[in-house]
Amino acid sequence: MTGAPSLSFQDRPVTLSPGETVLEALLRAGVETPHSCRAGQCQCCMLRAIEGAPPEESQRGLTEAQKALGFFLPCICRPTAPMKIVPPDDAGAPQEATIRAIEPLSEDVVRLRIETENFAYRPGQFLELIAEPGLSRHYSLASCPEEDPFLEMHVRLHPNGRMSRRLSADLRAGDKLHIAGPRGTCFYEGVAADQPLTLIGAGTGLAPLYGVLRDALRQGHRGPIRLYHGARDSKGLYLTDELQAFARARDFTYIPATLDTGGDVATLALAAEAPRAAHTAFFLCGGENLVKRLKRDLFMAGASMKAIRSDAFTPAG
């Protein structure tokens, strides 16, 4: 090899010497990037390739979802082709989007659909919605890029929420806002087609699960699929007609649970899923406490942490 492939970090060219690792090249160029062990063990130096494929060896120990997004370990990465890389949490520059529809799904949840161009994502990831300078929130994606010409989010309207007021009182179809992203690893890639797939969520945690469900069915998932959706009462459930229709037409099971009838979704799901946890791929979405409880108890029941993907919702500060 007479020369090394080209390398850029956040659009800044970085000289890569033959046989040199990406981390060595970045540090030599004066780029400040976290690192520690330099052996691919601690993973604290992880970066993401947005162009070019990282060598397989540089993704050692990462999850299938991380690999699919281009994450790699620069301390053990010796590129064989040109690469453009960014920090792992780089969401890119905000881009303009147009509101297509704001529709009620329940008493306090609306479906927001927006259109934009060249926004690559996977169902179940989340984006940053920017209504105005200083007003932004993260929302999960329920849409499928192969099937939908829009981005869909399910937004809970909080009585005193700033974003809630904008969506319920000010914004209309045709209005402009901005988005950035996507982020997150809560998507279908990396699940074996014959593996049991269990989706558990509460409230608007249904949004990413709905996206993952549709994507799994679109890709021909052959294993059994079960979706648990929890709410305080029947008014908190939504998309029930669509999910029941899916269940009748496709090979999957929909299990709603409401607290007012004694159906705590975590308790219900854990009782049913614990005996088969070791062989199942899990997606957990909703409030932080719910996700932490499910992740802990499923792991104790034998589920592999690599087989558990989650999106924990935290309230805006």
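Please determine, by comparing only the residues of segment 65-92 that are of a type outside the set (A, V, I, L, M) and touching a Lys or Arg at 6+ places or on another chain (Cβ under 8 Å), which one is surrounded by the fewest Cβ atoms within 10 Å (Cβ to Cβ). Full working, then the answer.
Start the filter on segment 65-92 by keeping residues that are of a type outside the set (A, V, I, L, M), which leaves 66-67, 70-72, 74-75, 77-80, 82, 84, 87-90, 92.
Narrowing further to those that are touching a Lys or Arg at 6+ places or on another chain (Cβ under 8 Å): 70-72, 75, 87-90.
Working: GLY70: 20, PHE71: 20, PHE72: 30, CYS75: 25, PRO87: 13, PRO88: 17, ASP89: 7, ASP90: 14.
Checking each candidate, the answer is ASP89.
The strands (runs of 3 or more DSSP E) found entirely in segment 1-107 that carry 1 or more residues being over 27 Å from the mean Cα position of the chain (by Cα) are 7-9, 12-14. Taking segment 218-317 as the region of interest, the strands (runs of 3 or more DSSP E) fully inside it that hold 3 or more residues being within 27 Å of GLN66 (Cα to Cα) and of a type in the set (A, V, I, L, M, F, W, C) are 281-287, 308-313. In segment 190-216, the residue that is farthest from ARG232 (Cα to Cα) out of those that are of a type in the set (Val, Ile, Thr) and assigned to a strand (DSSP E or B) is THR198.
Quick check on segment 163-175. Is at least one of its residues part of a strand (DSSP E or B), hydroxyl-bearing (Ser, Thr, Tyr) and assigned by TED's automatic domain parsing to the domain that holds ARG113?
Initial filter on segment 163-175 (part of a strand (DSSP E or B)): none.
There is no residue in segment 163-175 that is part of a strand (DSSP E or B), hydroxyl-bearing (Ser, Thr, Tyr) and assigned by TED's automatic domain parsing to the domain that holds ARG113.
Answer with yes or no whether HIS154 is in contact (Cβ under 8 Å) with a residue 40 or more places away in the chain, outside the structural domain of ARG48 (by TED's automatic domain parsing) and within 23 Å of THR314 (Cβ to Cβ). Yes, satisfied.
For segment 225-242, filtering for residues that are within 19 Å of TYR188 (Cβ to Cβ) and modelled with pLDDT under 95 leaves 1.
Looking only at residues in segment 108-139 that are in a loop (DSSP other than H, G, I, E, B), touching a residue at least 24 places away in the same chain (Cβ under 8 Å) and charged (D, E, K, R), the one that is surrounded by the most Cβ atoms within 10 Å (Cβ to Cβ) is ARG122.
The values are calculated or read from the model by the stated rules, or taken from the named source; none is laboratory data. On a predicted model such as this, the values are computed, not experimentally measured, just so you know. As a convention, Cβ positions derive from the backbone with ideal geometry for all residues, glycine included, and neighbour counts pool all protein chains shown.
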